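Asks: Below you'll find the structure I mean.
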Amino acid sequence: MDYFEIEGKNQLFGDVDISGAKNAVLPLMAASILNTNQLTISNVPNLSDSITMSDLLKGMGSEVDLSSGKIHINSQSLNNPYAPYDLVRTMRASFYVLGPLLAKFGEAKVSLPGGCAWGPRPVDFHIEGIKQLGATVDLEEGYIIAKSNQLKGNKIVFPKISVGATGNVLMASILADGDTEIHNAAAEPEIQQLCHFLNSMGAKISGIGTNILQIEGVTSLQNVDSVDVIPDRIEAGTFLMGVAATGGEVKLNKVNPDHLKTIISCLEHANVNIRVENDSITILSDGNINPYDIETNEYPGFATDLQAQWMLLMSVASGDSTLKENIYFDRFNHVPELNRLGCDISVDLKTATASIKGQRKLIAANVTSTDLRASACLILAALCAEGNSTINRVYHIDRGYDKIEEKLSKIGAKIIRKK
Ligand code: UD1
(Lines give C-alpha, C1' and ligand atoms only; values in the text may rest on other atoms or scores of the structure.)
Protein backbone atom coordinates (compact mmCIF):
# COMPACT_ATOMS: atom_id res chain seq x y z
CA MET A 1 0.00 0.00 0.00
CA ASP A 2 1.45 3.40 -0.98
CA TYR A 3 2.49 5.84 1.72
CA PHE A 4 4.06 9.30 1.80
CA GLU A 5 7.26 10.28 3.57
CA ILE A 6 7.33 13.99 4.32
CA GLU A 7 10.12 16.11 5.76
CA GLY A 8 8.54 19.21 7.30
CA LYS A 9 9.49 22.82 7.87
CA ASN A 10 10.06 23.95 4.28
CA GLN A 11 8.41 27.10 3.02
CA LEU A 12 6.66 26.80 -0.35
CA PHE A 13 7.45 28.95 -3.41
CA GLY A 14 6.45 28.79 -7.09
CA ASP A 15 3.47 28.02 -9.31
CA VAL A 16 0.86 25.26 -9.21
CA ASP A 17 -1.72 24.39 -11.89
CA ILE A 18 -5.05 23.44 -10.33
CA SER A 19 -6.81 20.44 -11.89
CA GLY A 20 -10.43 20.02 -12.94
CA ALA A 21 -12.93 19.45 -10.13
CA LYS A 22 -13.60 15.91 -8.94
CA ASN A 23 -17.09 16.87 -7.80
CA ALA A 24 -17.86 18.32 -11.25
CA VAL A 25 -16.45 15.58 -13.47
CA LEU A 26 -18.34 12.76 -11.71
CA PRO A 27 -21.87 14.15 -12.27
CA LEU A 28 -20.88 15.15 -15.84
CA MET A 29 -19.81 11.57 -16.51
CA ALA A 30 -23.11 10.33 -15.05
CA ALA A 31 -24.95 12.81 -17.28
CA SER A 32 -23.23 11.25 -20.32
CA ILE A 33 -25.82 8.47 -19.88
CA LEU A 34 -28.35 10.93 -21.32
CA ASN A 35 -26.12 11.70 -24.30
CA THR A 36 -26.71 9.71 -27.46
CA ASN A 37 -23.28 9.60 -29.02
CA GLN A 38 -19.71 10.79 -28.46
CA LEU A 39 -18.76 13.20 -25.65
CA THR A 40 -15.28 14.45 -24.86
CA ILE A 41 -14.79 15.80 -21.34
CA SER A 42 -11.60 17.85 -20.96
CA ASN A 43 -9.67 19.22 -17.98
CA VAL A 44 -10.34 15.84 -16.33
CA PRO A 45 -8.36 15.28 -13.12
CA ASN A 46 -6.29 12.12 -12.98
CA LEU A 47 -8.06 10.47 -10.03
CA SER A 48 -9.08 7.01 -8.99
CA ASP A 49 -12.68 8.28 -8.67
CA SER A 50 -12.70 9.22 -12.40
CA ILE A 51 -11.54 5.66 -13.15
CA THR A 52 -14.27 4.17 -10.92
CA MET A 53 -16.94 6.18 -12.76
CA SER A 54 -15.44 5.05 -16.12
CA ASP A 55 -15.65 1.42 -14.99
CA LEU A 56 -19.26 1.92 -13.98
CA LEU A 57 -20.18 3.40 -17.37
CA LYS A 58 -18.26 0.67 -19.21
CA GLY A 59 -20.17 -1.98 -17.24
CA MET A 60 -23.39 -0.40 -18.50
CA GLY A 61 -22.22 -0.66 -22.10
CA SER A 62 -20.73 2.78 -22.84
CA GLU A 63 -17.38 2.98 -24.61
CA VAL A 64 -15.02 4.95 -22.39
CA ASP A 65 -11.51 5.98 -23.23
CA LEU A 66 -9.35 7.81 -20.70
CA SER A 67 -6.40 9.69 -22.16
CA SER A 68 -4.32 12.31 -20.41
CA GLY A 69 -6.66 15.03 -19.17
CA LYS A 70 -9.58 13.83 -21.29
CA ILE A 71 -12.35 11.26 -21.19
CA HIS A 72 -14.13 10.19 -24.37
CA ILE A 73 -17.50 8.56 -23.70
CA ASN A 74 -19.69 7.07 -26.40
CA SER A 75 -23.13 6.32 -24.96
CA GLN A 76 -24.60 4.82 -28.15
CA SER A 77 -24.10 1.25 -26.95
CA LEU A 78 -25.24 1.89 -23.33
CA ASN A 79 -27.86 -0.77 -22.66
CA ASN A 80 -27.52 -2.07 -19.10
CA PRO A 81 -29.04 0.22 -16.40
CA TYR A 82 -27.24 -1.49 -13.54
CA ALA A 83 -24.72 -0.16 -10.98
CA PRO A 84 -23.13 -3.00 -8.97
CA TYR A 85 -22.26 -2.89 -5.26
CA ASP A 86 -18.54 -3.43 -5.89
CA LEU A 87 -18.22 -0.06 -7.61
CA VAL A 88 -20.85 1.95 -5.71
CA ARG A 89 -19.36 1.02 -2.32
CA THR A 90 -15.94 2.43 -3.28
CA MET A 91 -17.42 5.73 -4.43
CA ARG A 92 -20.72 7.18 -3.21
CA ALA A 93 -20.93 9.49 -6.23
CA SER A 94 -21.73 6.35 -8.30
CA PHE A 95 -25.27 6.82 -6.99
CA TYR A 96 -25.51 9.78 -9.42
CA VAL A 97 -26.32 7.29 -12.21
CA LEU A 98 -29.77 6.54 -10.72
CA GLY A 99 -31.48 9.69 -12.06
CA PRO A 100 -30.16 9.62 -15.64
CA LEU A 101 -30.69 5.84 -15.98
CA LEU A 102 -34.29 6.17 -14.85
CA ALA A 103 -34.89 9.08 -17.25
CA LYS A 104 -33.35 7.20 -20.18
CA PHE A 105 -34.48 3.58 -19.66
CA GLY A 106 -37.54 3.94 -17.40
CA GLU A 107 -35.77 1.64 -14.95
CA ALA A 108 -32.55 1.34 -12.97
CA LYS A 109 -30.96 -1.08 -10.53
CA VAL A 110 -28.42 0.72 -8.39
CA SER A 111 -26.69 -0.55 -5.26
CA LEU A 112 -27.21 1.46 -2.09
CA PRO A 113 -23.85 3.07 -1.23
CA GLY A 114 -23.60 1.80 2.35
CA GLY A 115 -21.65 3.54 5.11
CA CYS A 116 -18.84 6.00 4.94
CA ALA A 117 -15.83 6.94 7.06
CA TRP A 118 -17.76 9.66 8.84
CA GLY A 119 -21.25 8.35 9.51
CA PRO A 120 -24.18 6.89 7.60
CA ARG A 121 -24.55 9.53 4.82
CA PRO A 122 -28.02 8.45 3.71
CA VAL A 123 -29.57 8.74 0.23
CA ASP A 124 -33.16 9.14 1.41
CA PHE A 125 -33.58 12.56 -0.29
CA HIS A 126 -32.55 11.05 -3.65
CA ILE A 127 -35.07 8.23 -3.29
CA GLU A 128 -37.92 10.40 -2.01
CA GLY A 129 -37.22 12.85 -4.86
CA ILE A 130 -37.54 10.28 -7.65
CA LYS A 131 -40.63 8.82 -5.96
CA GLN A 132 -42.18 12.28 -6.08
CA LEU A 133 -41.49 12.27 -9.83
CA GLY A 134 -43.70 9.16 -10.01
CA ALA A 135 -41.14 6.33 -9.91
CA THR A 136 -41.79 3.15 -7.93
CA VAL A 137 -38.85 2.26 -5.74
CA ASP A 138 -38.19 -1.17 -4.22
CA LEU A 139 -35.26 -2.38 -2.18
CA GLU A 140 -34.01 -5.87 -3.07
CA GLU A 141 -30.85 -7.37 -1.58
CA GLY A 142 -29.21 -3.99 -1.06
CA TYR A 143 -30.23 -2.66 -4.47
CA ILE A 144 -32.64 0.13 -5.32
CA ILE A 145 -34.92 -0.92 -8.16
CA ALA A 146 -36.57 2.18 -9.59
CA LYS A 147 -39.15 2.09 -12.38
CA SER A 148 -41.37 4.49 -14.25
CA ASN A 149 -42.86 4.43 -17.74
CA GLN A 150 -43.05 8.21 -17.73
CA LEU A 151 -41.78 10.41 -14.93
CA LYS A 152 -44.05 13.35 -14.08
CA GLY A 153 -42.93 16.82 -13.03
CA ASN A 154 -43.61 17.82 -9.42
CA LYS A 155 -42.64 20.26 -6.69
CA ILE A 156 -39.88 18.69 -4.59
CA VAL A 157 -38.74 20.23 -1.32
CA PHE A 158 -35.59 18.66 0.12
CA PRO A 159 -35.49 18.73 3.96
CA LYS A 160 -32.03 20.29 3.65
CA ILE A 161 -29.68 21.19 0.83
CA SER A 162 -28.01 18.15 -0.73
CA VAL A 163 -25.55 18.32 -3.61
CA GLY A 164 -25.99 14.69 -4.69
CA ALA A 165 -29.79 14.61 -4.37
CA THR A 166 -30.08 17.84 -6.37
CA GLY A 167 -27.96 16.43 -9.21
CA ASN A 168 -29.70 13.08 -9.20
CA VAL A 169 -33.30 14.32 -9.12
CA LEU A 170 -32.42 17.05 -11.62
CA MET A 171 -31.13 14.48 -14.13
CA ALA A 172 -34.28 12.39 -13.62
CA SER A 173 -36.59 15.38 -14.06
CA ILE A 174 -35.41 16.90 -17.34
CA LEU A 175 -37.29 14.35 -19.48
CA ALA A 176 -40.35 14.25 -17.18
CA ASP A 177 -43.80 15.13 -18.37
CA GLY A 178 -44.49 18.69 -17.15
CA ASP A 179 -42.64 21.07 -14.88
CA THR A 180 -40.55 20.32 -11.80
CA GLU A 181 -39.43 22.69 -9.07
CA ILE A 182 -36.64 21.68 -6.70
CA HIS A 183 -36.55 23.66 -3.44
CA ASN A 184 -33.48 23.60 -1.20
CA ALA A 185 -31.50 22.81 -4.34
CA ALA A 186 -27.71 22.97 -4.11
CA ALA A 187 -26.09 26.08 -5.60
CA GLU A 188 -22.56 24.61 -5.65
CA PRO A 189 -20.50 25.54 -8.76
CA GLU A 190 -20.32 21.82 -9.67
CA ILE A 191 -24.15 21.62 -9.74
CA GLN A 192 -24.24 24.86 -11.73
CA GLN A 193 -21.94 23.26 -14.29
CA LEU A 194 -24.16 20.17 -14.45
CA CYS A 195 -27.21 22.39 -15.08
CA HIS A 196 -25.46 24.27 -17.90
CA PHE A 197 -24.32 20.98 -19.43
CA LEU A 198 -27.85 19.54 -19.33
CA ASN A 199 -29.19 22.76 -20.87
CA SER A 200 -26.67 22.43 -23.70
CA MET A 201 -28.27 19.01 -24.35
CA GLY A 202 -31.66 20.70 -24.65
CA ALA A 203 -32.91 20.55 -21.06
CA LYS A 204 -34.77 23.61 -19.77
CA ILE A 205 -33.41 24.40 -16.31
CA SER A 206 -33.61 27.87 -14.79
CA GLY A 207 -32.73 29.30 -11.38
CA ILE A 208 -29.19 27.93 -11.78
CA GLY A 209 -26.96 28.95 -8.85
CA THR A 210 -29.96 29.63 -6.57
CA ASN A 211 -31.70 27.30 -4.11
CA ILE A 212 -34.78 26.90 -6.32
CA LEU A 213 -34.41 25.17 -9.67
CA GLN A 214 -37.23 25.17 -12.22
CA ILE A 215 -37.21 22.45 -14.82
CA GLU A 216 -39.52 22.46 -17.81
CA GLY A 217 -39.70 18.84 -19.00
CA VAL A 218 -38.65 18.18 -22.61
CA THR A 219 -39.42 15.15 -24.77
CA SER A 220 -35.94 14.56 -26.16
CA LEU A 221 -32.33 15.66 -25.83
CA GLN A 222 -29.61 16.26 -28.37
CA ASN A 223 -26.03 15.02 -28.30
CA VAL A 224 -23.35 17.30 -26.86
CA ASP A 225 -19.82 16.55 -28.00
CA SER A 226 -17.61 18.46 -25.56
CA VAL A 227 -17.43 19.98 -22.08
CA ASP A 228 -14.56 21.41 -20.06
CA VAL A 229 -14.52 20.65 -16.31
CA ILE A 230 -14.43 23.68 -13.97
CA PRO A 231 -11.37 24.09 -11.69
CA ASP A 232 -11.28 22.23 -8.39
CA ARG A 233 -12.00 24.80 -5.66
CA ILE A 234 -11.24 22.24 -2.93
CA GLU A 235 -7.81 21.41 -4.34
CA ALA A 236 -7.12 25.16 -4.67
CA GLY A 237 -8.31 25.78 -1.08
CA THR A 238 -6.07 22.97 0.18
CA PHE A 239 -2.99 24.55 -1.46
CA LEU A 240 -3.95 28.00 -0.12
CA MET A 241 -4.19 26.66 3.43
CA GLY A 242 -0.95 24.70 3.06
CA VAL A 243 1.03 27.75 1.93
CA ALA A 244 -0.64 29.89 4.61
CA ALA A 245 0.51 27.41 7.27
CA THR A 246 4.08 26.76 6.07
CA GLY A 247 4.73 30.30 4.84
CA GLY A 248 5.94 31.18 1.36
CA GLU A 249 4.60 32.63 -1.89
CA VAL A 250 2.72 30.51 -4.42
CA LYS A 251 0.65 31.36 -7.49
CA LEU A 252 -2.25 29.01 -8.24
CA ASN A 253 -3.07 28.97 -11.95
CA LYS A 254 -6.23 27.76 -13.70
CA VAL A 255 -8.57 28.58 -10.81
CA ASN A 256 -11.90 30.36 -10.66
CA PRO A 257 -11.46 32.91 -7.82
CA ASP A 258 -15.23 33.57 -7.77
CA HIS A 259 -15.75 30.05 -6.40
CA LEU A 260 -13.30 30.73 -3.54
CA LYS A 261 -14.59 34.09 -2.23
CA THR A 262 -15.45 32.80 1.26
CA ILE A 263 -12.16 30.92 1.61
CA ILE A 264 -10.16 33.94 0.46
CA SER A 265 -12.00 36.18 2.93
CA CYS A 266 -11.32 33.74 5.81
CA LEU A 267 -7.63 33.53 4.85
CA GLU A 268 -7.43 37.34 4.82
CA HIS A 269 -8.92 37.42 8.32
CA ALA A 270 -6.18 34.95 9.25
CA ASN A 271 -3.53 37.50 8.16
CA VAL A 272 -2.65 35.97 4.80
CA ASN A 273 -1.98 38.18 1.81
CA ILE A 274 -3.91 37.19 -1.31
CA ARG A 275 -3.80 38.65 -4.83
CA VAL A 276 -6.59 37.67 -7.17
CA GLU A 277 -6.36 37.90 -10.94
CA ASN A 278 -8.65 36.59 -13.68
CA ASP A 279 -7.87 32.90 -13.33
CA SER A 280 -5.09 32.86 -10.75
CA ILE A 281 -4.62 33.47 -7.04
CA THR A 282 -1.27 34.36 -5.49
CA ILE A 283 -0.84 33.76 -1.79
CA LEU A 284 1.88 35.30 0.36
CA SER A 285 2.26 34.19 3.98
CA ASP A 286 4.95 34.79 6.56
CA GLY A 287 3.47 31.99 8.65
CA ASN A 288 2.10 34.43 11.27
CA ILE A 289 -1.52 33.35 11.31
CA ASN A 290 -4.35 34.98 13.27
CA PRO A 291 -6.98 32.72 14.81
CA TYR A 292 -10.39 33.00 13.15
CA ASP A 293 -13.60 31.14 14.01
CA ILE A 294 -15.52 29.53 11.15
CA GLU A 295 -18.62 27.44 10.47
CA THR A 296 -19.01 25.18 7.48
CA ASN A 297 -22.07 25.74 5.31
CA GLU A 298 -23.49 25.02 1.90
CA TYR A 299 -22.09 27.09 -0.99
CA PRO A 300 -21.29 29.97 -0.89
CA GLY A 301 -20.43 29.18 2.74
CA PHE A 302 -17.17 27.65 3.96
CA ALA A 303 -16.93 24.19 2.29
CA THR A 304 -17.02 21.20 4.64
CA ASP A 305 -14.40 19.60 2.37
CA LEU A 306 -11.92 22.24 3.59
CA GLN A 307 -12.62 22.10 7.33
CA ALA A 308 -9.93 19.52 8.13
CA GLN A 309 -7.29 21.61 6.35
CA TRP A 310 -8.51 24.76 8.17
CA MET A 311 -8.11 23.00 11.54
CA LEU A 312 -4.46 22.40 10.74
CA LEU A 313 -3.99 26.06 9.79
CA MET A 314 -5.65 27.22 13.02
CA SER A 315 -3.35 24.93 15.04
CA VAL A 316 -0.37 27.05 13.99
CA ALA A 317 -2.24 30.36 14.54
CA SER A 318 -1.25 32.77 17.32
CA GLY A 319 -4.33 31.97 19.45
CA ASP A 320 -7.27 29.64 19.94
CA SER A 321 -10.29 29.29 17.66
CA THR A 322 -13.43 27.24 17.06
CA LEU A 323 -14.83 25.45 14.04
CA LYS A 324 -18.49 24.39 13.79
CA GLU A 325 -19.36 21.67 11.28
CA ASN A 326 -22.90 22.23 9.98
CA ILE A 327 -22.99 19.71 7.11
CA TYR A 328 -21.71 16.43 8.62
CA PHE A 329 -22.07 16.52 12.39
CA ASP A 330 -19.51 13.77 12.98
CA ARG A 331 -16.87 14.60 10.39
CA PHE A 332 -13.99 14.70 12.88
CA ASN A 333 -12.06 11.47 12.22
CA HIS A 334 -8.95 13.44 11.36
CA VAL A 335 -8.78 15.08 14.80
CA PRO A 336 -7.02 12.23 16.70
CA GLU A 337 -4.47 11.92 13.87
CA LEU A 338 -3.82 15.69 13.84
CA ASN A 339 -3.37 15.51 17.62
CA ARG A 340 -0.72 12.80 17.13
CA LEU A 341 1.24 15.38 15.11
CA GLY A 342 1.06 17.82 18.03
CA CYS A 343 -2.23 19.65 17.44
CA ASP A 344 -4.49 20.19 20.45
CA ILE A 345 -8.06 19.94 19.18
CA SER A 346 -11.06 18.80 21.17
CA VAL A 347 -14.52 18.16 19.76
CA ASP A 348 -17.93 18.65 21.35
CA LEU A 349 -20.02 16.21 19.31
CA LYS A 350 -23.29 17.58 20.75
CA THR A 351 -22.70 20.91 19.03
CA ALA A 352 -20.40 19.58 16.28
CA THR A 353 -17.84 22.17 17.35
CA ALA A 354 -14.09 21.76 17.50
CA SER A 355 -11.98 23.90 19.85
CA ILE A 356 -8.56 24.38 18.33
CA LYS A 357 -5.62 25.47 20.45
CA GLY A 358 -3.20 27.69 18.55
CA GLN A 359 0.58 28.15 18.80
CA ARG A 360 1.21 24.43 18.47
CA LYS A 361 4.70 23.23 17.62
CA LEU A 362 4.03 20.28 15.37
CA ILE A 363 6.33 17.25 15.61
CA ALA A 364 6.62 14.54 12.95
CA ALA A 365 4.73 11.27 13.48
CA ASN A 366 3.50 8.16 11.74
CA VAL A 367 -0.19 8.79 10.93
CA THR A 368 -3.01 7.13 9.00
CA SER A 369 -5.51 8.72 6.62
CA THR A 370 -9.13 7.94 7.36
CA ASP A 371 -10.75 9.61 4.36
CA LEU A 372 -10.02 11.87 1.42
CA ARG A 373 -9.94 15.31 3.02
CA ALA A 374 -8.44 13.94 6.25
CA SER A 375 -5.47 12.78 4.16
CA ALA A 376 -5.06 16.30 2.85
CA CYS A 377 -4.93 17.86 6.31
CA LEU A 378 -2.39 15.27 7.48
CA ILE A 379 -0.12 16.08 4.54
CA LEU A 380 -0.35 19.80 5.38
CA ALA A 381 0.34 19.05 9.05
CA ALA A 382 3.41 16.96 8.14
CA LEU A 383 4.67 19.87 5.99
CA CYS A 384 4.54 22.08 9.11
CA ALA A 385 6.03 19.51 11.51
CA GLU A 386 9.62 19.25 12.72
CA GLY A 387 11.14 16.02 11.38
CA ASN A 388 10.06 13.19 9.04
CA SER A 389 6.44 12.00 9.03
CA THR A 390 4.86 9.00 7.37
CA ILE A 391 1.28 9.16 6.07
CA ASN A 392 -0.32 5.77 5.50
CA ARG A 393 -3.29 4.78 3.32
CA VAL A 394 -2.77 7.50 0.72
CA TYR A 395 -5.17 5.70 -1.59
CA HIS A 396 -7.75 8.01 0.00
CA ILE A 397 -5.93 11.04 -1.37
CA ASP A 398 -5.59 9.50 -4.85
CA ARG A 399 -9.41 9.51 -4.99
CA GLY A 400 -9.54 13.28 -5.06
CA TYR A 401 -6.13 14.94 -5.57
CA ASP A 402 -4.35 14.77 -8.92
CA LYS A 403 -0.63 13.96 -8.33
CA ILE A 404 -0.49 15.95 -5.10
CA GLU A 405 3.09 14.90 -4.33
CA GLU A 406 4.33 16.14 -7.73
CA LYS A 407 2.56 19.47 -7.32
CA LEU A 408 3.87 19.91 -3.77
CA SER A 409 7.44 18.89 -4.73
CA LYS A 410 7.41 21.47 -7.52
CA ILE A 411 6.89 24.25 -4.95
CA GLY A 412 9.57 23.00 -2.58
CA ALA A 413 7.90 20.44 -0.34
CA LYS A 414 9.91 17.35 0.58
CA ILE A 415 7.40 14.61 -0.08
CA ILE A 416 8.06 11.16 -1.54
CA ARG A 417 5.59 8.40 -2.43
CA LYS A 418 6.77 4.96 -1.36
CA LYS A 419 5.30 1.51 -1.88
C1 UD1 B 1 -21.13 16.21 -1.95
C2 UD1 B 1 -19.66 16.16 -2.30
C3 UD1 B 1 -18.81 16.06 -1.03
C4 UD1 B 1 -19.19 17.19 -0.06
C5 UD1 B 1 -20.70 17.26 0.16
C6 UD1 B 1 -21.12 18.47 0.97
C7 UD1 B 1 -19.63 15.10 -4.47
C8 UD1 B 1 -19.29 13.91 -5.28
N9 UD1 B 1 -19.41 15.01 -3.14
O10 UD1 B 1 -21.46 14.98 -1.29
O11 UD1 B 1 -17.45 16.15 -1.41
O12 UD1 B 1 -18.56 16.96 1.17
O13 UD1 B 1 -21.39 17.32 -1.11
O14 UD1 B 1 -20.72 19.63 0.33
O15 UD1 B 1 -20.03 16.12 -4.98
N16 UD1 B 1 -28.27 14.04 3.27
C17 UD1 B 1 -29.33 13.28 3.77
N18 UD1 B 1 -30.00 12.49 2.89
C19 UD1 B 1 -29.69 12.42 1.56
C20 UD1 B 1 -28.63 13.19 1.07
C21 UD1 B 1 -27.92 14.00 1.95
O22 UD1 B 1 -29.65 13.33 4.96
O23 UD1 B 1 -30.35 11.69 0.82
C24 UD1 B 1 -27.51 14.91 4.19
C25 UD1 B 1 -26.06 14.44 4.38
O26 UD1 B 1 -25.96 13.44 5.37
C27 UD1 B 1 -25.38 15.74 4.75
C28 UD1 B 1 -26.11 16.79 3.91
O29 UD1 B 1 -27.36 16.18 3.57
O30 UD1 B 1 -25.60 16.02 6.11
C31 UD1 B 1 -25.40 17.21 2.66
O32 UD1 B 1 -24.93 16.07 1.95
P33 UD1 B 1 -24.82 16.09 0.37
O34 UD1 B 1 -24.78 17.50 -0.11
O35 UD1 B 1 -25.87 15.21 -0.19
O36 UD1 B 1 -23.41 15.40 0.13
P37 UD1 B 1 -22.97 14.56 -1.13
O38 UD1 B 1 -23.74 14.98 -2.33
O39 UD1 B 1 -22.97 13.11 -0.76
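Asks: List the residues whose amide H sits under 5 Å from the amide H of Asp228, counting only those 5 or more places along or on another chain, with H placed 1.01 Å from N in the peptide plane.
Replies: Ser42
Asks: Which residues does the label zone of Asp2 cover in segment 31-62, counting backbone N under 17 Å from a point 7 Å along Cα→Cβ?
Replies: Label zone hits: 45-53.
Asks: Measure of size requested: the Rg and Dmax of the chain, with Cα atoms as the atom set and Å as the unit; please supply both.
Replies: When restricted to Cα atoms, the chain yields Rg and Dmax of 21.4, 63 Å.
Asks: Could I ask something else about it? Given Ser75, Ser111, Val123, which one lies farthest toward the positive end of the charge dipole of segment 65-150, if we put +1 on the Cβ of every Lys and Arg and -1 on the Cβ of every Asp and Glu?
Replies: Farthest towards the positive pole: Ser75.
Asks: Let me ask something additional. Over the heavy atoms of Val157, what accessible area does a 1.4 Å probe trace out, to the nearest 10 Å²?
Replies: The value for Val157 is about 90 Å².
Asks: Sticking with this structure for a sec: What FRET efficiency, computed as 1/(1 + (r/R0)^6) with R0 = 22 Å and r the Cβ-Cβ distance, is obtained for Glu216 and Thr36, rounded to the nearest 0.05?
Replies: Calculated transfer efficiency: 0.60.
Asks: A further question follows. Tell me, what is the per residue accessible area of the chain in Å², probe radius 1.4 Å?
Replies: Dividing the accessible area of the chain by its residue count gives 39 Å².
Asks: Using the beta-carbon distance between Thr322 and Lys204 and R0 = 60 Å, what value does 1/(1 + (r/R0)^6) give for FRET efficiency, to the nearest 0.05?
Replies: 0.85
Asks: Which FRET efficiency value, to the nearest 0.05, do you get for His269 and Ile363 by plugging their Cβ-Cβ distance into 1/(1 + (r/R0)^6) with R0 = 30 Å?
Replies: The formula returns an efficiency of 0.60 here.
Asks: About the Cα centre, and with charges only on the beta carbon of Lys, Arg (+1) and Asp, Glu (-1), how big is the dipole of segment 1-108? Nearest 20 debye, please.
Replies: With Lys and Arg at +1 and Asp and Glu at -1, about 380 debye.
Asks: So what are the ³J(HN,Hα) numbers for segment 371-383, from phi and the Karplus equation (6.51, -1.76, 1.60; θ = phi - 60°), rounded to whole Hz, Gly and Pro as x?
Replies: Taking θ as phi minus 60°, the curve returns 7, 3, 6, 4, 4, 5, 5, 5, 4, 4, 5, 5, 5 Hz for segment 371-383.
Asks: Still on this structure, please answer the following. Give the accessible area for Met171 in Å² (nearest 10); use a 1.4 Å probe, count only protein heavy atoms, and leave out ligands, DNA and RNA.
Replies: 0 Å²
Asks: Can I ask one more? If I compute solvent accessible area with a 1.4 Å probe over the protein chains, what percent of it on segment 22-228 is carbon and sulfur?
Replies: Here it works out to 46 percent.
Asks: Of the cross-linked pairs Lys22/Lys204; Lys104/Lys155; Lys22/Lys357, which ones have a Cα-Cα span greater than 29 Å in the structure shown?
Replies: From Lys22/Lys204; Lys104/Lys155; Lys22/Lys357, over 29 Å: Lys22/Lys357.
Asks: Treating cross-link reach as a plain straight distance, find the aspartates and glutamates whose alpha-carbon is under 13 Å from the alpha-carbon of Lys254, omitting any fewer than eight places away in the same chain.
Replies: Asp15, Asp17, Asp228, Asp232, Glu235, Glu277, Asp279
Asks: Still on this structure: For segment 80-92, in order, what is each residue's ³J(HN,Hα) by Karplus, 6.51 cos²θ - 1.76 cosθ + 1.60 with θ = phi - 60°, in whole Hz (x at glycine and Pro)?
Replies: Each residue's phi maps through the Karplus curve to give 10, x, 9, 10, x, 3, 3, 8, 5, 5, 7, 8, 4 Hz.
Asks: Would you mind computing, in nm to one decimal, how far apart the modelled labels at Thr282 and Asp225 are, each placed 7 Å from Cα along Cα→Cβ?
Replies: My value for the distance between the label points is 4.0 nm.
Asks: PRE reach from Lys410 (point 7 Å along Cα→Cβ): which of segment 57-96 fall under 14 Å by backbone N?
Replies: Answer for segment 57-96: 69.
The values are calculated or read from the model by the stated rules, or taken from the named source; none is laboratory data. Just so we're clear, the structure is a prediction, and the values are computed from it rather than from any experiment. Heads up, the Cβs are rebuilt from the backbone with ideal geometry, glycines too, and the neighbour counts pull from every protein chain shown. All accessible areas refer to the heavy atoms of the entire protein, side chains included, with ligands and DNA or RNA removed. Shrake-Rupley method; radii C 1.70, N 1.55, O 1.52, S 1.80 Å.
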